[in-house]
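Everything below concerns the one structure shown next.
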Amino acid sequence: GKALAGLFYCVCGIAVVFIFSARWFVHWDLALLGALLGSVFAVALGLLLGALCENPVTLNLWVLVAVMALLAPVLALSLSHAGLPAWMRALAPWTPSVAMARLIGLSTAGAVPAGDVARNAAILAGEALVLYALVTWRVRASDR
């Protein structure tokens, strides 16, 4: 139930962004793929944080930390490649936020390499599956 409600709110936000950004998209299928996989990841992260935190204040703190940790690689890669350490340039493409940003960025391009689409979609889907597995483990552990 919580996952469906979270997905509903994500889709509402996506719809608003897409309405105001419609003229930029060339490949709507990639835009939808990136947005929906990003939503699935966000819902999984929210469920996991909700399952781990007992207190709403603690939950809000960890959500803030997670949002900053997810935004940092996207901002770092978009602002400057030259100033980033090599390990950060190597690690950033494996973060779900960068994968989603790249999928949505590819949706605005003319030619789209299929390998880039598959890699970024797999990163988002794989990391979401890992989070859902952790949520399942946590819920089963709390039921005992």
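The values are calculated or read from the model by the stated rules, or taken from the named source; none is laboratory data. Here the structure is a predicted model, which means the values were calculated and not measured. Note that each Cβ is placed from the backbone with ideal geometry, even for glycine, and that neighbours are counted across all protein chains shown. For the accessible areas, the whole protein counts, side chains as well, though only heavy atoms, and no ligand, DNA or RNA atoms are used. Shrake-Rupley method; radii C 1.70, N 1.55, O 1.52, S 1.80 Å.
Just by accessible area at a 1.4 angstrom probe, what is the order of THR58, THR95 from largest to smallest?
Largest accessible area first, the residues go THR58, THR95.
Who wins for biggest fluctuation among SER21, SER107, SER39 in a Gaussian network model of the chain, springs between alpha carbons below 10 Å?
Top of the fluctuation ranking is SER21.
Note the angle between two axes, namely the Cα long axis of helix 114-143 and the longest principal axis of the Cα atoms of the chain, as a number of degrees from 0 to 90, rounded to the nearest 10.
Taking the Cα atoms of the chain, the angle to 114-143 is about 10 degrees.
Probe radius 1.4 Å, ligands and nucleic acids left out: which of VAL11, VAL98 has the largest accessible area, and how do the rest follow?
Sorted descending by solvent-accessible area, the residues read VAL11, VAL98.
Quick one: putting +1 on the C-beta of Lys and Arg, -1 on the C-beta of Asp and Glu, what dipole do you get for the chain around its Cα centre, in Debye to the nearest 20?
Using only the charged Cβ atoms, the result is roughly 80 debye.
Distances over 15 Å make up what percent of all Cα-Cα pairs in the stretch 14-66?
For the stretch 14-66, the fraction of Cα-Cα distances above 15 Å is 57 percent.
Please report the spacing between the Cα centers of the stretch 33-59 and the stretch 77-144 in Å, no decimals.
Their Cα centres are 15 Å away from one another.
Let me check something: with ligands and nucleic acids excluded, how do MET68, MET100 order by accessible area (1.4 Å probe), largest to smallest?
Sorted descending by solvent-accessible area, the residues read MET68, MET100.
What do you get for the angle between helix 96-106 and the principal long axis of the chain? Use alpha-carbon atoms, 0 to 90 degrees, nearest ten.
30 degrees
Using the eigenvalues of the Cα gyration tensor, what equivalent ellipsoid semi-axes result for the chain when each is taken as the square root of five times the eigenvalue, whole Å, largest first?
Result for the chain: semi-axes of 27, 19, 15 Å.
If you take the beta carbon distance between ASP29 and ASP143 as r and set R0 to 41 Å, what does 1/(1 + (r/R0)^6) give as a FRET efficiency, to the nearest 0.05?
Calculated value: 0.55.
Springs between alpha-carbon atoms under 10 Å, Gaussian network over the chain: tell me which of ALA22, ALA35, ALA125 tops the mean-square fluctuations.
ALA22
Can you tell me the 0 to 90 degree angle between the C-alpha axis of helix 2-21 and the longest principal axis of the chain, rounded to 10?
For 2-21 against the chain, the angle is about 20 degrees.
May I ask you to derive the relative contact order of the chain, considering only C-alpha pairs under 8 Å and at least 6 residues apart, and to give it as an integer percent?
Result for the chain is 37 percent.
Rounded to whole Å and sorted largest first, list the principal axis extents of the Cα atoms in the stretch 91-134.
Per principal axis, max minus min of the Cα coordinates gives 38, 17, 15 Å.
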